[in-house]
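Inspection log for the structure reproduced underneath, given as structure tokens.
The values are calculated or read from the model by the stated rules, or taken from the named source; none is laboratory data. Remember, predicted model here, so these are calculated numbers, not experimental data. As a convention, Cβ positions derive from the backbone with ideal geometry for all residues, glycine included, and neighbour counts pool all protein chains shown. Areas reflect the complete protein model, heavy atoms only, side chains present, ligands, DNA and RNA absent. Shrake-Rupley method; radii C 1.70, N 1.55, O 1.52, S 1.80 Å.
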Amino acid sequence: MKQKRKKTLLLAIKICISLSLFYFVFKKINVDNVLDLVASSNPGYLLLATACFVLSQITSSFRLNYLFNYSTFQLSETSNLKLYLLGMFYNFFVPGGVGGDAYKVYLLNTNFKWPTKKVLKIVFIDRLIGLIAIATILYTIIVIWPGLLGNVLKKYNIVFLLAFPALIVLGQQLIAKIFQISSKSYYTALIYSVGIQSLQIASVLCIIKSLGITTSIYYVYIFVFLLSSVFSVISFAGIGIREYLFFEMSVQFSLNKSTAVTIGTLFTIITAIIAIFGIYYHFKKPVLTLKTIKD
């Protein structure tokens, strides 16, 4: 009961953060401008943005199943995709219910009697390696465009350039020791993760194109988008935090505020549209199967 109260409280805090940030942002800009921008966006580029997002989610499901298979849990790719879509629906549309990851673990335990702790550990590793991939891309952007953070890194630039790669390797050693995962599996999952983020970056760039934005600082939008992916853990489904960070970026770089916020809003809309398809497996529980030789 105490654990349930903690989860409810944490969820309430996340929803409050999302609503507060959402209110703050749309108090500062003209909502009609955002709606006009969404309505006038190029549908072709939006379809392409949606396709890139869908591919990123399919790749993400492959990464998770790769880790399952490595841990001797031979779930079929079809079953894994069904579970992934169901998890997306729960994460985005069921704030008062069980989280998407927790529900997936429950179904796997129910269907195959897989140990809950071991499956949770794999899901955690999956998320952790995803965060490491985001950090790696953020690091690369800062190295290529050091002016992005102004004078913040000027004094410690050499230390930063040398420290991060070392931390990646040390992180791998630490994860290997704690979670008993081989270097090959770790780096394979990391490559999957970089691919996932690259597809999501492509999705954001398509959204930018759909709004007719012409700029030489696309990397700023990408940087902020990746930051919002990291900080989305403190809000509900990333709502609010994404719009807030895009708003702050527009202030710092003297960009159009409404346009910047619209980028984050359109990405949230695309996520919601894809996640809603998971409702099918909410009402019709997915039939889960294990891998066969054919798979």
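For the stretch 112-138, how many residues meet the condition of being in contact with a helix residue (DSSP H, G or I) (Cβ under 9 Å, 6 or more places away or on another chain), more than 18 Å from residue 229 (Cα to Cα), open to solvent by 40 Å² or more (accessible area, probe 1.4 Å) and touching a residue at least 24 places away in the same chain (Cβ under 8 Å)?
1
Determine if the stretch 142-157 includes at least one residue that is in contact with a Pro (Cβ under 9 Å, 6 or more places away or on another chain), charged (D, E, K, R), more than 15 Å from residue 68 (Cβ to Cβ) and at pLDDT below 85.
Yes: the stretch 142-157 contains one or more residues that are in contact with a Pro (Cβ under 9 Å, 6 or more places away or on another chain), charged (D, E, K, R), more than 15 Å from residue 68 (Cβ to Cβ) and at pLDDT below 85.
Can you pull out the residues in the stretch 243-264 that are open to solvent by 20 Å² or more (accessible area, probe 1.4 Å) and either at negative phi or in contact with a strand residue (DSSP E or B) (Cβ under 8 Å, 6 or more places away or on another chain) (or both)?
244, 245, 248, 251, 252, 253, 255, 256, 257, 259
Hey, any hits in the stretch 86-96 for a residue that's closer than 22 Å to residue 272 by Cα, in contact (Cβ under 8 Å) with a residue 60 or more places away in the chain and among the hydroxyl-bearing types (Ser, Thr, Tyr)?
Yes, the stretch 86-96 contains a residue that is closer than 22 Å to residue 272 by Cα, in contact (Cβ under 8 Å) with a residue 60 or more places away in the chain and among the hydroxyl-bearing types (Ser, Thr, Tyr).
Go through (1) surrounded by fewer than 19 Cβ atoms within 10 Å (Cβ to Cβ); (2) more than 14 Å from residue 26 (Cα to Cα) for residue 267 and report which single condition fails.
(1)
For the stretch 164-260, which fully contained helices (runs of 4 or more DSSP H) count at least 2 residues that are among the hydrophobic types (A, V, I, L, M, F, W, C), at pLDDT below 90 and within 27 Å of residue 67 (Cα to Cα)?
Once the helices (runs of 4 or more DSSP H) in the stretch 164-260 are filtered for at least 2 residues that are among the hydrophobic types (A, V, I, L, M, F, W, C), at pLDDT below 90 and within 27 Å of residue 67 (Cα to Cα), what remains is 218-231.
State all residues of the stretch 163-197 that are polar (S, T, N, Q) and open to solvent by 30 Å² or more (accessible area, probe 1.4 Å); if no residue qualifies, say none.
173, 180, 182, 183, 188
Residue by residue through the stretch 213-223, note down the ones that are surrounded by fewer than 22 Cβ atoms within 10 Å (Cβ to Cβ) and either of a type in the set (Val, Ile, Thr) or touching a Phe, Trp or Tyr at 6+ places or on another chain (Cβ under 9 Å) (or both).
Result: 213, 214, 215, 217, 219, 220, 222, 223.
Return a yes/no flag: does the stretch 29-48 have any residue that is under 30 Å from residue 121 (Cα atoms), over 19 Å from the mean Cα position of the chain (by Cα), part of a helix (DSSP H, G or I) and free of Cβ contacts under 8 Å to residues at least 60 places away in the same chain.
no
Take the stretch 270-295 and flag every residue that is open to solvent by 80 Å² or more (accessible area, probe 1.4 Å) and more than 30 Å from residue 113 (Cα to Cα).
Within the stretch 270-295, 273 is the sole residue that qualifies.
Could you please let me know if residue 138 is at pLDDT 75 or above, assigned to a helix (DSSP H, G or I) and within 20 Å of residue 60 (Cβ to Cβ)?
Here the answer is yes, as residue 138 does meet what is asked.
Regarding the stretch 21-34, can at least one residue be identified that is closer than 30 Å to residue 193 by Cβ and in contact with a Ser or Thr (Cβ under 8 Å, 6 or more places away or on another chain)?
Checked against the condition, which is being closer than 30 Å to residue 193 by Cβ and in contact with a Ser or Thr (Cβ under 8 Å, 6 or more places away or on another chain), the stretch 21-34 yields at least one hit.
Can you tell me which residues in the stretch 224-236 are open to solvent by 20 Å² or more (accessible area, probe 1.4 Å) and closer than 20 Å to residue 193 by Cβ?
227, 229, 230, 231, 232, 233
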